[in-house]
Amino acid sequence: RLRRIEGGNAQSSSVDPRALYVEDAPVGFFSARRDGRVVYVNLALRQMLGLPDEPAGLRLEDILRPEGLKLMKRDVRGQSSQRAEVVLRARDGVETSATLITTWSGKGGDALTRSVVYVASASEQTMRRAPASAGQEGAMSVAGRADDAMFADAPFGVVRLDGEGVESAVMMDANRALVEMTRGRAQPGARFADLFVADQGTAQLAEQLGKALDKAQEFKLAGEAQKSVDVFVILDRQGKPNVAYVIDMSERKTLEQRAMQAEKLQAIGQLAGGLAHDFNNLLQGIILNVNKLQVRHPPGDPTFFELKSINEFASRGAELVRTLLAFARKQVFRQEVLDVTDALSDYYVLLRDIIDQRIKLNLVHGRDLPKVKVDKGQLETAITNLCTNARDAMLEKNGGGNLTIRTSKADAAAARKDGFTL
C-alpha cells in the first residue's frame, strides 16, 4: 500500500525510514534498542495497545510482561529470527497473548530489534486469560494447551480429554512425556482407553477407568514394554472427563520388587542361621567322637583312614556352617594382628592330619615377613581349601607327590604381576 508521508522529508525524520513501510501493515510491528527503549510502534500495534501516535518514553516493560523481556534478551546474540510466545500489556491493563518473531541487527548498544507481532485468536485469548476463580474447568483449559509450559514440560503424562465418559473419551492434547511414554500412541483424536491393556476385556477396563475418577488406578500401557502406570481423571463442571494424569510407576515397581527380594533374603538368612547352629552342634559331636576313636586306632590300624575321612568331612561341614553363619550375619569376623610364621606352624599339625600320607607336606617360611591383620579362622579355612584341592588333584593324577606351602614378602609390583589389584 502507498501512503503519503506527512511531516516533510523522510530522511530528516527521527524515525527509521524503513519503519514507514510497515506503518499500515495488518500485523503489529515495533522496533527497540537493547536498553529497552522503544523507537517505533506501527499503527496496528498502537491501536491494539491504546498508544498515542507518537508514544514518548515508551519502553519494552511497558508493553511486555517480564517473561517476554527475558525471551527477547536471550535472543540478542542471535542473528536469525527468533519465535516466542509473549503477553502484551495495553494501557487499560488488558493483557493479550501473542506470538513474537524478533530479529536483532547491530552490536552492543547500537543493537536494534525488528519485531513482528501476531495476535492469538479470540478463543485462544479466552483460554489464556482464564482467571483462577473460574474453577476447575478454566484452570484445566489453561493447563490443557499444548503450548503451555506447565503442560508440555510436565515430568508426567497429561492429556486433555473430550467425551461423555472416560471409557469413550478421545484425546485432544497430549504432552511430551505421555507421547514418549506411549511410544507415540497418545495422539489427538485417538481413544484414551486404547492406551491401556485390557487383560480382562473392554468392559472391565471401562469399569476400572471409571474408578480413576475418585482415586488413582493402576493400568498397564499397551505395547511391548507394558509399563505400569497410575491414572487419575478430573471432571469438568458438566461432569465430563476433562484432564487425565498418567504417572509412570515402573521404577517404583522395580524398587518394590527389590524390597521384596531383600525381605526374602533376610528370611533365608534367619533360617540359615538357625539351621547352622543346630547342624554345628551335630558336627561337633561327630568330630569329638572321631577324635577319640583316632586315639584308639592310631596310624597303621585298618580303620585309621576311614576315621580320618570322617573327621575331614565333618571339618568341611563345619566350614559350611561358618559360611552360612557369615551369610546370615550371625558370625562376626574378628580381625587380629598375626605373625604368619607362628600361625602356620601351629596349624601345620592339624593340616598334616587332613592331607593324605601319600603326599608329603612341606612348609617353607620366608624372612622378614610383616605382620598381617586377618581373621584367623578365615585364613586357616583358605589354606585348608587350597591344600585339599591340591591333594585331590595330585592323588587323582599321580597317586601322590609333594605339597609345599611357601611364604614370602611381596611388594606392590609383584602383587600386580600375580593378578592382584591394590
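Structure values in brief
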quantity: Test: Leu195 is in contact with a Ser or Thr (Cβ under 6 Å, 6 or more places away or on another chain) and either under 16 Å from Arg160 (Cβ atoms) or among the β-branched types (Val, Ile, Thr) (or both); calculated: yes
quantity: Qualifying residue in the stretch 61-69 (condition: at pLDDT 50 or above, touching an Asp or Glu at 6+ places or on another chain (Cβ under 8 Å) and assigned to a helix (DSSP H, G or I)); calculated: yes
quantity: Pairs, first more than 21 Å from Phe151 (Cβ to Cβ) in the stretch 242-259, second open to solvent by 40 Å² or more (accessible area, probe 1.4 Å) and of a type in the set (D, E, K, R), C-beta under 6 Å, six or more apart; calculated: Ser250/Lys227
quantity: Per-region count, the stretch 177-199, residues basic (Lys, Arg) and surrounded by fewer than 15 Cβ atoms within 10 Å (Cβ to Cβ); calculated: 2
quantity: Flag if Ile405 is of a type outside the set (Asp, Glu), open to solvent by less than 50 Å² (accessible area, probe 1.4 Å), touching a residue at least 12 places away in the same chain (Cβ under 8 Å) and not in a helix (DSSP H, G or I); calculated: yes
quantity: Selected residue (criterion: nearest to Arg322 (Cα to Cα)) from residues of the stretch 352-382 that are open to solvent by less than 30 Å² (accessible area, probe 1.4 Å), at pLDDT below 85 and outside any strand (DSSP E or B); calculated: Thr381
quantity: Top-ranked residue in the stretch 166-176 [being touching a helix residue (DSSP H, G or I) at 6+ places or on another chain (Cβ under 9 Å) and over 16 Å from Phe196 (Cα atoms); ranked as surrounded by the most Cβ atoms within 10 Å (Cβ to Cβ)]; calculated: Asn175
quantity: Unique match (being modelled with pLDDT of 85 or more and either surrounded by 14 or more Cβ atoms within 10 Å (Cβ to Cβ) or not in a loop (DSSP other than H, G, I, E, B) (or both)) among Val349, Val295, Val290, Val321; calculated: Val290
quantity: In the stretch 380-412, the residues that are farther than 15 Å from Ile355 by Cβ and in contact with a helix residue (DSSP H, G or I) (Cβ under 7 Å, 6 or more places away or on another chain); calculated: Thr381, Thr407
quantity: Subset of the stretch 81-124 that is over 21 Å from Ala25 (Cβ atoms) and not charged (D, E, K, R) - its residue that is modelled with the lowest pLDDT; calculated: Ser123
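To keep it simple, each residue is scored yes or no on (1) open to solvent by 80 Å² or more (accessible area, probe 1.4 Å); (2) not polar (S, T, N, Q).
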| site | (1), (2) |
| --- | --- |
| Glu207 | yes, yes |
| Ala212 | no, yes |
| Gln217 | no, no |
| Leu221 | no, yes |
| Ser228 | no, no |
| Val231 | no, yes |
| Ile234 | no, yes |
| Asn242 | no, no |
| Tyr245 | no, yes |
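Yes or no, residue by residue, for (1) at pLDDT below 80; (2) closer than 21 Å to Val158 by Cβ; (3) open to solvent by less than 60 Å² (accessible area, probe 1.4 Å):
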| residue | (1), (2), (3) |
| --- | --- |
| Ala267 | yes, no, yes |
| Asn280 | yes, no, yes |
| Gly285 | no, no, yes |
| Pro302 | no, no, no |
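The values are calculated or read from the model by the stated rules, or taken from the named source; none is laboratory data. Owing to the predicted nature of the structure, the values given are computational and were not obtained by experimental measurement. Glycine gets a Cβ as well: all are built from the backbone with ideal geometry, and neighbour counts include every protein chain shown. Heavy atoms of the whole protein, side chains included, go into the accessibility calculation; ligands, DNA and RNA do not. Shrake-Rupley method; radii C 1.70, N 1.55, O 1.52, S 1.80 Å.
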